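Written below as structure tokens is the structure these notes are about.
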Amino acid sequence: MPREWRDGRGLPIAPPMTVSSRPLRHGVYAAVLISLAAPGGTAVRKAKPRVTAPAPVKADGTIIPLPLNPIVPAAQRACTSRTPNGLGYTMLRAAPGAMPAASDVVLVNYIGYLAATGAVFDQGMRSPFPVSGVIPGFSQGLQMMGKSGIARFCIPAAMGYGPQGSGPIPANADLVFQVELIDYKTTAEIESMKAAAETPEPKANPQP
């Protein structure tokens with residue numbers, strides 16, 4: 001979330017207003033005309049709106065089932081386009097540039113939910129995944145995204161967990177994922193980063 005910056009200076013104070021006698025006389029004449037135009041020659045008074053107290057909230061004794069699983073609305077379970085092999089997708093925020101390959105490792109924000117009910121079964125922030133180490137529909141979708149892009153993927157069961165299901169995902173369930181691609185690295189870059197992290201820093205020579 002971007003940081004909010006506030007101005008510490010105070011607002012300028014307007015100079016005092018001066019009232020001339022001519023506008024005052026015009027104001028008196030206008031008030032007299034309004035009074036004469038009213039029935040019976042009396043000024044029109046607007047009734048003050050009634051202020052009603054808010055109705056008291058009645059306590060609900062319903063027990064919230066745990067764990068708390070949000071439900072995604074139906075409109076956010078649909079995709080606008082489809083690939084030839086059946087993967088649905090909607091580019092919510094397109095991002096130009098290079099896209100990850102099957103051998104790369106991605107860093108993503110994501111949420112996964114069932115297409116039939118909208119029940120959320122998984123979500124993660126800044127999660128690393130090998131592109132080839134996830135379900136086929138998710139892997140194919142990742143390779144359609146550029147850095148900073150956000151997409152929704154509608155994954156048919158055949159490109160997901162199929163007839164066996166997985167945990168809270170029932171068998172033959174169509175899935176939907178919203179994915180934000182934060183960054184990705186090649187396998188060579190990952191290995192180089194690991195080697196650099198494991199290399200001990202050289203000890204400084206003692207000063208005489």
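The values are calculated or read from the model by the stated rules, or taken from the named source; none is laboratory data. What you see is a predicted model; the values in this text were computed from it and never measured. When we count neighbours, we look across all protein chains shown, and the Cβ atoms used for this are built from the backbone with ideal geometry, even at glycine. These area figures cover heavy atoms from the full protein model, side chains too; ligands, DNA and RNA do not enter into them. Shrake-Rupley method; radii C 1.70, N 1.55, O 1.52, S 1.80 Å.
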* Asked: In nm, to one decimal, how far is the ALA195 label point from the MET125 one, both placed 7 Å along Cα→Cβ?
  -> 3.5 nm
* **With every protein chain in place, the stretch 83-160: carbon and sulfur % of accessible area (1.4 Å)** => 62 percent
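Determine, from the Cβ-Cβ distance of SER148 and THR52 and an R0 of 30 Å, the FRET efficiency 1/(1 + (r/R0)^6), rounded to the nearest 0.05.
Plugging the Cβ-Cβ distance into 1/(1 + (r/R0)^6) gives 0.05.
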* Between ALA75 and ALA188, how many nm apart are label points set 7 Å from Cα along the C-beta direction? -> 4.7 nm
* Structure fact -> 1/(1 + (r/R0)^6) with r = Cβ-Cβ of ASP60 and ALA102, R0 = 45 Å, i.e. FRET efficiency to nearest 0.05, evaluates to 0.35
* Taking square-rooted eigenvalues a ≥ b ≥ c of the alpha carbon gyration tensor, is the stretch 95-208 rounded, prolate or oblate, where a/c under 1.5 means rounded and, failing that, a/b exceeding b/c means prolate? -> prolate
* Asked: If the cut-off is a Cα-Cα distance under 27 Å, which lysines reach LYS194, setting aside same-chain residues fewer than 8 apart in sequence?
  -> LYS147, LYS185, LYS203
* Asked: Simple spin-label model, 7 Å along Cα-to-Cβ: ARG93 to LYS203 in nm?
  -> 4.9 nm
